[in-house]
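What follows is calculated from the coordinates using simple rules that are stated; it is not laboratory data. Bear in mind that the values here come from a model prediction, so they are computed numbers and not experimental data. Here Cβ is always computed from backbone atoms with ideal geometry, including for glycine, and neighbour counts include all displayed protein chains.
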Amino acid sequence: MIGIRFACGPRACIRRWFQPSGQVLNDQEAKTLVKTSNSVIWLVELIAVLALVAAGTGLFYQDEGNSFSFTSVRGVTVQVYGQGLYRYDTPIGAVGARVGDAVTLVLGIPLLILSTLSYKRGSLRGGLLLAGILAHFLYGYGSMALGAAYNNLFIIYVALLSSSFFALVFLLTSFDVQALPAHFSKRLPRRGIGIYVIVSGVVLALVWLVLNIIPALVAGKAPPEASYYTTFITGAIDVGIIAPTLIIVGVFLLRGAPIGYLLASTVLVFTVVLGTSLTLAGIAQLLAEMVTIGQFTGFTVGFSILTLFALWFTIAFFRNFSDTATA
């Protein structure tokens, strides 16, 4: 059985995480800021191996298949990629998935390993970075398990979804959250980060609602993304989970709640890695003439700008952080 140890009791954690910071910590509270969990380390090792298999197969496996068209359940004639692991996905989806695989191999897995090694040494900074990387793997392989056309790696996607979810939960509950604010200098642009995270959540929701979902409802049709599949998985996840999470995290950080510091680092790192993947995917899709310059400008350029802001705030966040309390 996997053993989980919380940094505080359930009631005490809830009470301390969501109240504004500023309380003086006693010696016992400040003694352990993050408890290294063997469960997290074991799950991360599993994630690294499975992600290497999934991403390597998706990126490098190709056959001699060709693109073909078929009529969807909505009566719309659509084009299918027809090659490699993503043969039953749309061309734009398959190219995006392959770029995501490349980012996983070049950026995701190395960051996962490096942050885990730091976390194993008891580094609070390493634990915060690891949380953001795990959030990226959770989102990425959750999307593959739920939204991609079924392929032979489905069980691996499910395993990655499950292991990433539980590793992230176990990791977040291992922090002494109340002590986190004392490890940031007064130069931390807390208000700027909080506003940015809120704006990102609002923009993400509006992009899907205003540009896709609502116009489709008014026209009595499915959004373009759903015309290929049976439903709009990405829109459901982004509007229903990711956008509200960003807004809530930003509010907590603006209030100075200790949980805001923990979750802000998580969503910032998550946004940087995911934004990098989306930007490169958009460039690849544009070069392959799968999207118009207008679509590229509206979606890819917009998300690229948000990613650059996220990168700047992530650097500022960790630059103004210390593994030892600053006050």
Which one, Phe175, Thr314, Ile47, is farthest towards the positive end of the dipole of the chain when Lys and Arg carry +1 and Asp and Glu -1 on their Cβ? Phe175
If the only charges are +1 at each Lys and Arg Cβ and -1 at each Asp and Glu Cβ, what is the size of the charge dipole of the stretch 110-255 around the Cα centre, to the nearest 20 debye? 640 debye
Ranked by how many other beta carbons lie within 10 Å on average, peptides 128-139, 206-217 from highest: 128-139, 206-217
Starting from the Cα of Ser72, step 7 Å toward the Cβ, then list every residue of the stretch 137-162 with an amide N under 20 Å from that point. 143-151
Order of 298-305, 54-61, 263-270, 176-183 by packing, highest average Cβ count within 10 Å first? 263-270, 176-183, 54-61, 298-305
Can you compute the modelled spin-label distance between Val158 and Leu46, with each label point 7 Å from Cα toward Cβ, in nm? 1.4 nm
1/(1 + (r/R0)^6) with r = Cβ-Cβ of Ile305 and Val251, R0 = 22 Å, i.e. FRET efficiency to nearest 0.05, evaluates to 0.45
Rounded FRET efficiency, nearest 0.05, which uses the C-beta distance separating Gln62 from Leu217 and R0 of 41 Å: 0.60
Extension gain from Val53 to Ser185, taking 0.36 nm per residue of separation minus the Cα-Cα distance: 43.4 nm
Can you compute the charge dipole magnitude of the chain about its Cα centre, using +1 on each Lys and Arg Cβ and -1 on each Asp and Glu Cβ, nothing else charged? Give it in debye, rounded to the nearest 20. 1180 debye
Projected onto their principal axes, the Cα atoms of the stretch 25-135 stretch, largest extent first, over whole-Å spans of 67, 29, 19
For the stretch 104-220, evaluate the Debye formula with one uniform point scatterer on each Cα (no solvent term) and list log10 I(q)/I(0) at q = 0.13, 0.14, 0.15, 0.19 Å⁻¹, rounded to two decimals. -0.75, -0.84, -0.93, -1.17
With the dipole of the chain defined by +1 on each Lys or Arg Cβ and -1 on each Asp or Glu Cβ, the option from Phe68, Gly126, Ile305 whose Cα lies farthest towards the positive pole is Gly126
Name the residue from Asn152, Val203, Met290 whose Cα lies farthest towards the positive end of the charge dipole of the chain, charges +1 on Cβ of Lys and Arg and -1 on Cβ of Asp and Glu. Val203
In deg cm²/dmol, rounded to 500, what helix-only [θ] at 222 nm does the chain give when every DSSP H run of at least 4 residues adds -39500 (n - 2.57) and the total is split over its residues? -20000 deg cm²/dmol
